[in-house]
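Novice: Can you read through this structure? Questions will come right after.
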Amino acid sequence: MEEFGFFFVIALIVVILALFFSFVPVTLWISALAANVKVGIGTLVGMRLRRVVPSRIVNPLIKATKAGINLPINKLEAHYLAGGNVDRVVNALIAAQRANISLEFERAAAIDLAGRNVLEAVQMSVNPKVIETPAIAAIAKDGIELRAKARVTVRANIDRLVGGAGEQTIIARVGEGIVTTIGSAETHKQVIENPDRISQNVLDKGLDSGTAFEILSIDIADVDVGRNVGAQLQTDQAEADKRIAQAKAEERRAMAVAREQEMMAAVQEMRAKVVEAEAEVPRAMAAALREGKLGVMDYYNMKNVMADTEMRESIAGAPAGGETK
């Protein structure tokens, strides 16, 4: 019975020690002491209670202390609780110190919380980045299209990282400057002969204003000749004028056909009236004979005259008068 009690006590002690060492990061505390970083056991236990991973705070603190940067542990813990990356901020501070760049913890933390990579920004301040724009098409005054590519060398501006525009804004502004420069050239040959005028005009516009970068240089990598847009526009205009002229000619032809049809209808109407009048002649002559207004001899004389007239017309080759076709 005594042996059972002894083993029970031993097991209980082992369980208590296991729980203690799993909850209290003793090894991390020993590492901090070895690095001359003063972190109490109570502070580490408090981190556990606040659901903070102690290694995410203590290890960057050890790194900063070894680099000669004095950082309060409370600020590191507050940055972690705010959702920041403590290790990246500390690395950025160390890199800035080595590069002799003025960077405070508060600004680095603000840049990190703003969603930007503060370590990459410090590295870009030391080693500028080259941004290559896509092919940008523009048309000179002589109607020739040019496609230009530019390489923009930028350096991160740490003071404007919070609230400053990104790379896409730089690319858009450089593209606008290229289009403006090419569009103001009298001929495309001027741009091809002196591509540096594009770089100079773009740099003079101060395109890095309001961005998180500082433009160091703009180099035109390539200029290609594209379509003759002016000639194409003239061809399209000539084709459009041709279609308009054809439409107007068709309209005039249709109006002429309509007038001709109206004249034919009028002629047909007049011929109908003539036929109707000729049909009334025999009736009028019969009435005149009945009423005694026309004698028989007068009628025969008139027939002789009509017969003589028809004979003369037939001899002349003309159709007989009074014949209706």
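Novice: I'd like to check something: does the stretch 231-249 contain any residue that is within 25 Å of residue 173 (Cβ to Cβ), at pLDDT below 80, under 33 Å from the mean Cα position of the chain (by Cα) and open to solvent by less than 70 Å² (accessible area, probe 1.4 Å)?
Specialist: If we filter the stretch 231-249 for residues that are within 25 Å of residue 173 (Cβ to Cβ), which is where we start, we get none.
Looking through the stretch 231-249, none of the residues is within 25 Å of residue 173 (Cβ to Cβ), at pLDDT below 80, under 33 Å from the mean Cα position of the chain (by Cα) and open to solvent by less than 70 Å² (accessible area, probe 1.4 Å).
Novice: Hey, another quick one. Considering the stretch 180-212 alone, what residues qualify as being touching a helix residue (DSSP H, G or I) at 6+ places or on another chain (Cβ under 6 Å) and closer than 17 Å to residue 125 by Cα?
Specialist: Looking only at the stretch 180-212, we keep the residues that are touching a helix residue (DSSP H, G or I) at 6+ places or on another chain (Cβ under 6 Å), and these are 181-182, 185, 191, 198, 201-202, 205, 207, 211-212.
If the condition is that a residue be touching a helix residue (DSSP H, G or I) at 6+ places or on another chain (Cβ under 6 Å) and closer than 17 Å to residue 125 by Cα, then 211, 212 are the ones that fit.
Novice: Being open to solvent by less than 20 Å² (accessible area, probe 1.4 Å) and outside any loop (DSSP other than H, G, I, E, B): is that true of residue 90 here?
Specialist: On the way: open to solvent by less than 20 Å² (accessible area, probe 1.4 Å): yes; outside any loop (DSSP other than H, G, I, E, B): yes.
Considered against the rule, which asks whether it is open to solvent by less than 20 Å² (accessible area, probe 1.4 Å) and outside any loop (DSSP other than H, G, I, E, B), residue 90 comes out as yes.
Novice: Here's another thing I want to ask about it. List the helices (runs of 4 or more DSSP H) inside the stretch 139-219, counting only whole elements, that have at least 1 residues being under 25 Å from residue 117 (Cβ atoms).
Specialist: Of the helices (runs of 4 or more DSSP H) lying wholly inside the stretch 139-219, those with at least 1 residues that are under 25 Å from residue 117 (Cβ atoms) span 167-184.
Novice: Residues of the stretch 26-42 being in contact with a Phe, Trp or Tyr (Cβ under 9 Å, 6 or more places away or on another chain) and part of a helix (DSSP H, G or I), which ones?
Specialist: Filtering the stretch 26-42 for residues in contact with a Phe, Trp or Tyr (Cβ under 9 Å, 6 or more places away or on another chain) gives 26-27, 39-41.
Residues satisfying the conditions are 26, 27, 41.
Novice: With the requirement that a residue be under 47 Å from the mean Cα position of the chain (by Cα) and assigned to a helix (DSSP H, G or I), what does the stretch 46-62 give you?
Specialist: Passing the criteria: 56, 57, 60.
Novice: Sticking with this structure for a sec: So, in the stretch 96-122, how many residues would count as being open to solvent by 30 Å² or more (accessible area, probe 1.4 Å), of a type outside the set (S, T, N, Q) and under 39 Å from the mean Cα position of the chain (by Cα)? Steps first, please.
Specialist: Narrowing the stretch 96-122 to residues open to solvent by 30 Å² or more (accessible area, probe 1.4 Å): 97-102, 104, 106-107, 110, 113-117, 119-120.
Then drop every residue that is not of a type outside the set (S, T, N, Q), which leaves 98-99, 101, 104, 106-107, 110, 113-116, 119-120.
Among the residues that remain, those that are also under 39 Å from the mean Cα position of the chain (by Cα) are: 101, 106-107, 110, 113-116, 119-120.
Looking only at that region, the number is 10.
Novice: Looking at (1) closer than 27 Å to residue 214 by Cβ; (2) open to solvent by less than 60 Å² (accessible area, probe 1.4 Å), find the lone condition where residue 71 falls short.
Specialist: In the conditions (1) closer than 27 Å to residue 214 by Cβ; (2) open to solvent by less than 60 Å² (accessible area, probe 1.4 Å), residue 71 misses (1) alone.
Novice: Residue 297 is checked against (1) open to solvent by 100 Å² or more (accessible area, probe 1.4 Å); (2) in contact with a helix residue (DSSP H, G or I) (Cβ under 9 Å, 6 or more places away or on another chain) and fails just one. What number does that condition carry?
Specialist: (2)
Novice: Residues being open to solvent by 10 Å² or more (accessible area, probe 1.4 Å) and farther than 15 Å from residue 216 by Cα: count how many of those fall in the stretch 129-142.
Specialist: 7
Novice: On to the next question. Pick from 154, 179, 126, 162: which is under 30 Å from residue 196 (Cα atoms), hydrophobic (A, V, I, L, M, F, W, C) and open to solvent by 70 Å² or more (accessible area, probe 1.4 Å)? Walk me through how you get there before you give the answer.
Specialist: Details: 154 fails: open to solvent by 70 Å² or more (accessible area, probe 1.4 Å); 179 fails: open to solvent by 70 Å² or more (accessible area, probe 1.4 Å); 162 fails: under 30 Å from residue 196 (Cα atoms).
On inspection, the qualifying residue turns out to be 126.
The values are calculated or read from the model by the stated rules, or taken from the named source; none is laboratory data. All figures in this text were calculated on a predicted structure; none of them were measured in a lab. Glycine gets a Cβ as well: all are built from the backbone with ideal geometry, and neighbour counts include every protein chain shown. To get the accessible areas, we keep the full protein, side chains included, count just its heavy atoms, and leave off ligands, DNA and RNA. Shrake-Rupley method; radii C 1.70, N 1.55, O 1.52, S 1.80 Å.
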